[in-house]
Amino acid sequence: MKRSLVVIGLVAILSACGSAVKLDKVPVEDKAGSSSQTSTTDANKADGSAVGKGAVTSVDLTKAGQDAAIQNVTRVVYFDFDSYVIRPEFQSVIEAHAKYIRSDKSRKVSIEGHTDERGGREYNLALGQKRAEAVRKALTLLGVPDSQLEAVSYGKEKPAVQGTTEAAMEKNRRAEISYR
């Protein structure tokens, strides 16, 4: 009787460990932003014939080259209304800044959180702080030491654009990355 219960228990545990997730049909997203379904067996069929056919540009890894490269990256991360969730389109911005900050341990960065004019002063200060902290957390997850980062909130006190239109308010819901 005990053996039967043990066997039934083991079968129940093993069946609970099973997964219905199809691992051979992983969605693959290309750099253009479109996604497609590609199985790993299709990926294994690639023979590497495309290697060497694309144009390869040189990368300047000197400090001056890094400084010039970061000049072309935006320093502003925009947020949706009443949100401090970083939108996916700004992930590359944060990754570029993380790489730049990590390359020089003496760099100090201030992340300034801002809001649009809707809401009370205290609420907007708190929301701006959450936006700045969200960017700070994303940078630390990418390897930037917390000692190089500072998160501050200006709430609705320093709007980027004056006005009450939705377009103006979108520009004010942001976190700005400033190098000191």
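The values are calculated or read from the model by the stated rules, or taken from the named source; none is laboratory data. Just so you know, these numbers come straight off a predicted model, no measurement behind them. Neighbour counts run over all protein chains shown; Cβ positions are idealised from the backbone, glycine included. SASA here: full protein model, heavy atoms, side chains in, ligands and nucleic acids out. Shrake-Rupley method; radii C 1.70, N 1.55, O 1.52, S 1.80 Å.
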Q | Nearest-0.05 FRET efficiency for Gln71 and Tyr123, computed from C-beta distance (R0 41 Å) | A | 0.75
Q) How much length, in nm to one decimal, is gained on full extension between Glu170 and Asp82, taken as 0.36 nm per residue of separation minus their Cα-Cα distance? A) 30.6 nm
Q.
Quick check: with the 1.4 Å probe, what order do Asp82, Asp67, Asp116 take by accessible area, largest first?
A. Asp82, Asp67, Asp116
Q) With each label point set 7 Å from Cα along the Cα-Cβ vector, what nm distance links Tyr179 and Asp146? A) 2.5
